[in-house]
1. When you go through 21, 47 one by one, which is the residue that is within 17 Å of the chain's Cα centre (by Cα) and in a helix (DSSP H, G or I)?
2. Hey, does region 197-207 have a residue that's at pLDDT below 85 and either surrounded by 14 or more Cβ atoms within 10 Å (Cβ to Cβ) or farther than 30 Å from residue 260 by Cβ (or both)?
3. Every residue in region 29-41 that is within 18 Å of the chain's Cα centre (by Cα) and either under 22 Å from residue 208 (Cβ atoms) or surrounded by 20 or more Cβ atoms within 10 Å (Cβ to Cβ) (or both), please.
4. Are any of the residues in region 59-73 assigned to a loop (DSSP other than H, G, I, E, B) and in contact with a helix residue (DSSP H, G or I) (Cβ under 7 Å, 6 or more places away or on another chain)?
5. Restricting to region 217-229, what's the tally of residues that are surrounded by 13 or more Cβ atoms within 10 Å (Cβ to Cβ) and part of a helix (DSSP H, G or I)?
6. Test residue 155 against the criterion of being free of Cβ contacts under 8 Å to residues at least 12 places away in the same chain and surrounded by fewer than 19 Cβ atoms within 10 Å (Cβ to Cβ), and give yes or no.
7. Out of all the residues in region 158-170, which are closer than 19 Å to residue 80 by Cβ and either surrounded by 13 or more Cβ atoms within 10 Å (Cβ to Cβ) or touching a helix residue (DSSP H, G or I) at 6+ places or on another chain (Cβ under 8 Å) (or both)?
8. Tell me, please, whether a residue that is farther than 29 Å from residue 213 by Cβ and out of contact with any strand residue (DSSP E or B) (no Cβ under 8 Å at 6 or more places or on another chain) can be found in region 14-22.
């Protein structure tokens with residue numbers, strides 16, 4: 001457990017959505033917050049709004065990530081890292097460009113690998129620190145239309161479990177946060193009518209609370225915790241039927257292109 005008051009905390013993907021909400025709450029708790037984002041202008045604007053420090057960050061580039069952490073260390077040792085940056089591409093697997101799949105993997109998975117690998121050694125040497133990897137309930141439940149997104153989030157959950165086992169006795173903790181669908185740009189144009197959905201502030205609260213309790217895996221909301229077990233236990237045809245009902249029999253990855261245009265223009269198709 002670390003005390004947030006005065007702690008140096010780094011948040012990736014911090015300019016918008018969950019990252020912004022997390023940075024705001026951390027700053028309220030007295031942390032010295034650094035937000036990193038590939039959109040330098042948005043990072044600077046958010047930093048000015050929240051009274052935190054912004055920095056350009058491409059999580060897929062180890063040198064960029066190291067520069068981000070190095071800049072934050074001018075405030076002191078990094079006590080906490082929140083690996084939040086991510087994108088979600090929608091549509092049938094073979095209809096989407098292969099380059100887009102590779103980019104989604106690079107941001108959602110490789111970015112987390114980079115952050116954990118670069119932040120952990122100093123934390124272990126100090127005998128304290130906390131890392132939060134923001135995954136998704138898509139890391140427990142497969143969903144047609146976001147196949148690669150699911151794959152990256154399953155991988156983040158598995159990576160976190162394996163690294164956590166290696167951290168036993170070091171004084172460093174690692175929590176995996178698995179939110180349900182969250183009302184940010186990432187879900188723009190997606191119908192969530194029969195699915196539990198949350199605001200980014202709900203996820204931020206779970207991230208900040210993990211500093212105190214240090215639980216290994218946290219689903220948001222908590223009552224979704226058994227869903228991964230259901231995914232593994234039910235026969236696949238039954239699951240497919242259930243998912244078609246939940247999505248009202250829409251095509252895999254269906255979305256409103258007009259509502260999603262701003263997100264696609266910013267992140268790529």
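The values are calculated or read from the model by the stated rules, or taken from the named source; none is laboratory data. All values derive from a computational prediction rather than experimental measurement. Reconstructed Cβ throughout: ideal geometry from the backbone, glycine too, with neighbour counts over all protein chains shown.
1. Working: 47 fails: within 17 Å of the chain's Cα centre (by Cα).
Of 21, 47, the one residue that is within 17 Å of the chain's Cα centre (by Cα) and in a helix (DSSP H, G or I) is 21.
2. To start, the set of residues in region 197-207 that are at pLDDT below 85 comprises 197.
Filter again for either surrounded by 14 or more Cβ atoms within 10 Å (Cβ to Cβ) or farther than 30 Å from residue 260 by Cβ (or both), leaving 197.
Yes; the residues of region 197-207 include at least one that is at pLDDT below 85 and either surrounded by 14 or more Cβ atoms within 10 Å (Cβ to Cβ) or farther than 30 Å from residue 260 by Cβ (or both).
3. Here is the first cut: in region 29-41, the ones within 18 Å of the chain's Cα centre (by Cα) are 33-39.
Result: 33, 34, 35, 36, 37, 38.
4. Yes; the residues of region 59-73 include at least one that is assigned to a loop (DSSP other than H, G, I, E, B) and in contact with a helix residue (DSSP H, G or I) (Cβ under 7 Å, 6 or more places away or on another chain).
5. 3
6. Values: free of Cβ contacts under 8 Å to residues at least 12 places away in the same chain: no; surrounded by fewer than 19 Cβ atoms within 10 Å (Cβ to Cβ): yes.
Taking the combined requirement at face value, the residue does not satisfy it.
7. 159, 160, 163, 164, 167, 170
8. Our first condition is that a residue be farther than 29 Å from residue 213 by Cβ; within region 14-22, this holds for none.
Looking for residues that are farther than 29 Å from residue 213 by Cβ and out of contact with any strand residue (DSSP E or B) (no Cβ under 8 Å at 6 or more places or on another chain), one finds none in region 14-22, hence no.
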